[in-house]
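Step one of this worksheet: look at the structure below.
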Amino acid sequence: MITAKQIIATVSAATPTDAELIERAFAFAEKAHEGHTRYSGEPYMNHVAAVGLKLAEMGMGPRTIAAGLLHDTVEDTPVTSEDIKREFGDEILFLVEGVTKLSSVRYYGSDRHNESLRKLFVATSQDIRVLIIKLADRLHNMLTLEYVKPEKQLRIARETLEIYVPVAHRLGMGRIRKELEDLAFPYVYPDEHKRVAALLEQKFGSSNEVLERERKVLQKRLADVKLLDFSTSFRVKGLYSLFHKLKRKEWDINTVYDLLAMRVIVSSMEDCYRTLGIVHELWRPLPGRVKDYIAFPKPNGYQSIHTTVTTHNGTIMEIQIRTRKMHHEAEFGVASHIAYKAPAVEGAKAPVSPFSTLLPLLFRPFSWRQSASAKIEEKRETPHQQKIPLWISEIGQIYQKDKAPTAQFIEDIRNDFFSNRIFVFTPTGDVVDLPVGATPIDFAYAIHSEVGNHTFGSKVNKKLVQLDSELKNGDIVEIETRKSAAPTKRWLDFAKTSLARRRIRNALGLDNGPTHENKNPEEKRRPPRRAGKN
Ligand code: MN
């Protein structure tokens, strides 16, 4: 049984005020849920305490943790919104109500899908912390799914894969995404799960011993060259992501090179590149497998250097090199940007109306590389409002404009976010994340609007293709540009992403969008250049 003390001990630099709030929320929840049990027969309090602890582990602040502890009170107990407001104030009430509203989001397959997603987004774009609490809630529900009635298990597990996993992925929350995927996998695809697990067992029955041995070799080499401030860990690929890869590779496990991965976490970006050199000197790299996601982060913000090597023992494994900060961001994503570091971040302001503090977070244009003018704005806002991914602010803007959900709104979300994604590559190995059905035109605009606007032709896997051909997972896409090339109306027939469609309409003068392309925050992304892969 998780205690309030345990949660408080997990919060970094908790002040007495923080501790008092968490204790008070804990006691309040305990009283409210008294006598309630879960399907497993354990006290209901175990569930909300687990959610509170998970939030603390993610680095969330005391008010988010308190809201996590209280998240089921309004829905499941006689406690009212007024009670929460009186005891805990507006901000915590806002979070609890946000989570309560989200519990009506259910995935029933394609029919009601869009409506559910819209609700999810409305709640999300009001405060991202609501979604983080909901993910922690879902994680604990998945951990205890075996006790739920069998007929409900499949729906909950599918909903996890169709809604929560993509959300966690887009928020860059790698750890919770992997946990949710692997918990849901056996329920949704029981046969495939058995098949993948058996394949992995057959290939790497004792992978931990193998990895441990290789780890010692690498640790020694790094210490020998006086790179002292580092840590290493390893992982075996998650079964669900292995399942997806195997489907693409005709179930040939020997062509999956990132089955085993070793992580090297160092203290600076310079040390990342230095470590890459040391690794390549120690073990033979596989050609064409170096990916520099530090110079070219993934769309969800992920940063790391990946390379695949063959060790002296013949083990093929991926090496992932990143700084501590990058590691923390890869594990917790958006949560790491709004994490509670010191009282100055979350606790500085007295509780005010949630909207006044939270709306700027949503509707503020976002860019990975802040411009000079954005830096001035920064001073007026708390640090945790900085790195909100573009898609969230875009959804927020769309929703703000369209008071009621229009068909276009639902279509945009469906196309951009929740339909399945494909990952294609630039010739230098950078990943571009696109919706299924995307064409080279979408790819070109995802790289940069200047590339899109001057697209002349395209090659997929080194073969010339039409601009309207559908891209597939893993394709390597090259765009040929010419100064004289320009968008035509026909491009609108096969551009799938709303970004590309907007840019094309803009270039054709079809709507009164921003006259200056540079007004769009996405333009601050670094223009393409050849990646520095040594
Ligand atoms: Mn719950």
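Please go through segment 288-326 and pick out each residue that is among the small types (Gly, Ala, Ser) and either touching a strand residue (DSSP E or B) at 6+ places or on another chain (Cβ under 8 Å) or over 26 Å from Asn461 (Cβ atoms) (or both). If you could, list the steps in order and put the result at the bottom.
At the first step, the residues of segment 288-326 found to be among the small types (Gly, Ala, Ser) are 288, 295, 301, 304, 314.
Matches in segment 288-326: Gly301, Ser304, Gly314.
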* Consider Phe296 carefully, then state whether it is assigned to a strand (DSSP E or B) and under 29 Å from Phe332 (Cβ atoms). => no
* For segment 467-509, which residues satisfy the criterion of being at pLDDT below 85, of a type outside the set (D, E, K, R) and open to solvent by 40 Å² or more (accessible area, probe 1.4 Å)? -> Asn473, Ile476
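Listed residues Ala66, Ala49, Ala27; which is modelled with pLDDT of 95 or more and touching an Asp or Glu at 6+ places or on another chain (Cβ under 9 Å)?
Values: Ala66 fails: touching an Asp or Glu at 6+ places or on another chain (Cβ under 9 Å); Ala27 fails: touching an Asp or Glu at 6+ places or on another chain (Cβ under 9 Å).
On inspection, the qualifying residue turns out to be Ala49.
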* To do: Identify, from the list Thr64, Thr37, Thr77, Thr17, the residue that is hydroxyl-bearing (Ser, Thr, Tyr) and either under 22 Å from Asp127 (Cα atoms) or within 29 Å of the chain's Cα centre (by Cα) (or both).
  => Thr64
* Quick one: is Gly68 within 27 Å of Ala330 (Cα to Cα) and in contact with a Phe, Trp or Tyr (Cβ under 7 Å, 6 or more places away or on another chain)? -> no
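I'd like to check something: does segment 313-325 contain any residue that is assigned to a strand (DSSP E or B), basic (Lys, Arg) and open to solvent by less than 20 Å² (accessible area, probe 1.4 Å)?
Taking segment 313-325 and keeping what is assigned to a strand (DSSP E or B), we get 316-323.
Cutting the leftovers down to basic (Lys, Arg) gives us 322.
From what's left, open to solvent by less than 20 Å² (accessible area, probe 1.4 Å): 322.
Among the residues of segment 313-325, at least one is assigned to a strand (DSSP E or B), basic (Lys, Arg) and open to solvent by less than 20 Å² (accessible area, probe 1.4 Å), which makes the answer yes.
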* To do: From the list Leu53, Leu102, Leu70, pick out the single residue that is surrounded by 24 or more Cβ atoms within 10 Å (Cβ to Cβ), aliphatic (A, V, I, L, M) and within 14 Å of the ligand (Cβ to nearest atom).
  => Leu70
* **Sole exception among (1) more than 16 Å from the ligand (Cβ to nearest atom); (2) closer than 19 Å to Arg129 by Cβ for Gln6, by number** => (2)
* **All positions within segment 257-285 that are without any contact (Cβ under 8 Å) to a residue 60 or more places away in the chain, within 26 Å of Gly205 (Cβ to Cβ) and either open to solvent by less than 30 Å² (accessible area, probe 1.4 Å) or of a type in the set (Val, Ile, Thr) (or both)** => Leu259, Leu260, Ala261, Met262, Val264, Trp283
* Asked: Can you name the condition, by its number, that Glu159 falls short on among (1) at pLDDT 90 or above; (2) touching a Phe, Trp or Tyr at 6+ places or on another chain (Cβ under 7 Å); (3) within 16 Å of the ligand (Cβ to nearest atom)?
  -> (1)
* Test: Ser81 is at pLDDT below 90 and either within 27 Å of Ser336 (Cα to Cα) or open to solvent by 10 Å² or more (accessible area, probe 1.4 Å) (or both) -> no
* To do: Go through segment 11-50 and count every residue that is buried (at least 20 other Cβ atoms within 10 Å of the Cβ), out of contact with any Ser or Thr (no Cβ under 7 Å at 6 or more places or on another chain) and not small (Gly, Ala, Ser).
  => 8
* Considering only residues of segment 73-91 that are touching a residue at least 60 places away in the same chain (Cβ under 8 Å) and out of contact with any Phe, Trp or Tyr (no Cβ under 9 Å at 6 or more places or on another chain), which is nearest to the ligand (Cβ to nearest atom)? -> Glu91
* Residues of segment 32-50 satisfying the condition of being without any contact (Cβ under 8 Å) to a residue 12 or more places away in the chain and either within 11 Å of the ligand (Cβ to nearest atom) or not assigned by TED's automatic domain parsing to the domain that holds Asn141 (or both) -> none
* Across segment 125-146, what is the number of residues that are away from the ligand (no atom under 14 Å from the Cβ) and more than 20 Å from the chain's Cα centre (by Cα)? -> 1
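The values are calculated or read from the model by the stated rules, or taken from the named source; none is laboratory data. Just so we're clear, the structure is a prediction, and the values are computed from it rather than from any experiment. Positions of Cβ are generated from backbone atoms using ideal geometry, with glycine treated the same way; all protein chains shown enter the neighbour counts. All accessible areas refer to the heavy atoms of the entire protein, side chains included, with ligands and DNA or RNA removed. Shrake-Rupley method; radii C 1.70, N 1.55, O 1.52, S 1.80 Å.
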